[in-house]
1. If only one of Val278, Val239 is farther than 17 Å from Glu154 by Cα and either touching a Leu at 6+ places or on another chain (Cβ under 8 Å) or without any contact (Cβ under 8 Å) to a residue 12 or more places away in the chain (or both), which one is it?
2. Looking at the structure I just gave you, is Gly81 within 30 Å of Asn152 (Cβ to Cβ) and surrounded by 15 or more Cβ atoms within 10 Å (Cβ to Cβ)?
3. State yes or no: is Val116 more than 25 Å from Arg299 (Cβ to Cβ) and crowded, with 21+ Cβ neighbours inside 10 Å?
4. Do we find that Gly135 is touching a Leu at 6+ places or on another chain (Cβ under 6 Å) and modelled with pLDDT of 90 or more in this structure?
5. Has region 156-163 got at least one residue that is farther than 23 Å from Ser82 by Cα, of a type in the set (S, T, N, Q) and out of contact with any His (no Cβ under 6 Å at 6 or more places or on another chain)?
6. Need the failing condition index for Glu515 against (1) on the phi > 0 side of the Ramachandran plot; (2) modelled with pLDDT under 95; (3) not basic (Lys, Arg), just the number.
7. Looking at (1) within 23 Å of the chain's Cα centre (by Cα); (2) modelled with pLDDT under 90; (3) surrounded by 15 or more Cβ atoms within 10 Å (Cβ to Cβ), can you tell me which one Ala295 breaks?
8. Across region 427-452, what is the total count of residues that are part of a helix (DSSP H, G or I), in contact (Cβ under 8 Å) with a residue 12 or more places away in the chain and open to solvent by less than 80 Å² (accessible area, probe 1.4 Å)?
Amino acid sequence: MGLSREAFYVLRACVDASENPRTYQRLAVESGLSPESVEATCDRLRESGLLDEGFRATSHGLESLEPHRVDNAIILAAGFGSRFVPLTYEKPKGLLEVHGKPMLEHQIEQLIDAGVSDIVIVVGYMKEAFEYLVGKYGVKLVVNPDYAVKNNLESLRCAASYLGNSYVLVADNWIDRAIFNAYEFDSWFSCLRFDGPTDEWCVDTDEAMRITGIEIGGADSLAIVGPAFFNARFSARFVELMGEYEDRADADDFYWEQILKDHIDELAMYASDQTGNVHEFECLEELRAYDISYAIDSRNEIMRFIAESFGVEEASIKDIFPLKEGVTNNSFHFSLGAEEYVLRVPGIGTDKQIDRRSEKLVYDSIMPLGISDEVVRFDADTGIKITRYWRDVRSADPFDDRDLEISMRQIRKMHDLAIEIPHRFDIGRMTADYYELAESAHAILFRDINETNRKVRRLFELKKRLGVPEILCHGDYAHINILMLPSGEGRIIDWEYAGMGDPIMDVAMYAIFAEFDKERIDLALRLYVGEEPSESEWLRLYLYIALGGFLWCMWAEYKQALGQEFGEYPMTMYRYTKDFYRELENRGAFDGIADKWDPFGVE
């Protein structure tokens, strides 16, 4: 017959009694029971031969605890930690140091000290950064390949085979006093008390502290934050439920706690009040409040760059939050006093694709025109750019006719200035480069790629025939790169691909980025020209729809080889190439153009 709850908690407190002499009063504190209940429980344990007179667990007592021995710990560490930018651009949040120790290492050492040495870490973002832990602590690493598109329920599913008597932790908590043990009885969840309104997952409990309900948001309540323990019975049912949730369309966004919330009546989980002991840091300011050293030095190159650029201490850099994770770059907001800024960080692999010195030259050329974002600092070596932050702006809506008209009018205004710079938007060279990168990564899986290559070469021959004089073009003219100000003006941002080219190329790029159908593609050109386009203008538009589709398809294939996922985007871009090649063919655009085998029109 198994141990009762009371017997378990008293007996567990007596495992090391030889080193730490016990009294009824001390056992009451450690077990959470009343002194009277402890005394009665000790009497029963002695009668059963599980406890001796010196408050020491006997060999039989230790045997009775074995079914409750903790099997392992599973630590979820796959996420990006977007609220901790820019620190998480350089390392995963769980490896940030608190009082000189990485948060994840601190938890691992607490687990090992408690006798839990079988530790599984689920990794994803910057997964290689965790490899050293295998040698240092003997942990196992499990990779969640979908960490960027699914929430932590997927991470726990990746480690489902390990669930038994298991601790489940997140890597980015800091625990002052260890709360782990070699033996556990009930499933429990660390909870913190929040005074006033909170957006945390608040719990209701009964007199025994069993959780009876969970609500997202509340006030003056305990809320689930930090580590949890699953006993074997809990784990078995939870794994079954994870299987049931796997096919749900909305499950990608779920935390694992969603299953607990939905099934709290059958999943017995107790609240463990760890207020003041377990710490969750939502942003850099909260970490600074706990570890004052971060106010002086955040151990982050980007923060140092900001401080040096403005001649300030890092402590004055506040209100940091991510703005977007783009397909090429990442951006975040920060403030210095009353002034607000945006910092752009180039994405992975962009050093092979973009000449940042040319980008800086473009900004230097257009800044007096007042058509772009306002650059405060541009480091051509790293590509880091700081601009002023505008409030109450939004990206253009490409399917709103008014926004489309403003977008076309604004880019036409820039084109009419006929600005010249030394750098070309060399679509042929870019296409060849991206194709080579994607091909070398074995990332091109289209079965008709050879036939499409032949068509692309003919498209470049058509481009030569048309021979349009080149002026400064944006090159990446997407609706997300047009900010709509409250005044109704549009400002064009992100000029990293800008260079000399055919101005109608910008119209084509806008259309394919918005994934327009042919009817709306044609409308964009009419709005740009301001009248019915000429046949030459139609040919140029369809030419750049086809070429742009192939260029960005190869770009996306290469980026997917680096680990970014783009869903249907590469196929959509590929289809533009084939569909608008056919449109040009139907218009007789290729008459007299022979097949060429030069590398995509590179001269």
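The values are calculated or read from the model by the stated rules, or taken from the named source; none is laboratory data. Keep in mind it's a predicted model, so treat the numbers as computed, not measured. Cβ coordinates were reconstructed from backbone atoms using ideal geometry, including for glycine residues, and neighbour counts include every protein chain displayed. Areas reflect the complete protein model, heavy atoms only, side chains present, ligands, DNA and RNA absent. Shrake-Rupley method; radii C 1.70, N 1.55, O 1.52, S 1.80 Å.
1. None of the other options fit; the residue is Val278.
2. yes
3. Judged against the criteria, Val116 is a match.
4. So Gly135 fails the test.
5. Taking every residue of region 156-163 in turn, at least one turns out to be farther than 23 Å from Ser82 by Cα, of a type in the set (S, T, N, Q) and out of contact with any His (no Cβ under 6 Å at 6 or more places or on another chain).
6. Exception for Glu515: condition (2).
7. Unmet for Ala295, out of (1) within 23 Å of the chain's Cα centre (by Cα); (2) modelled with pLDDT under 90; (3) surrounded by 15 or more Cβ atoms within 10 Å (Cβ to Cβ): (1).
8. Number of matching residues: 11.
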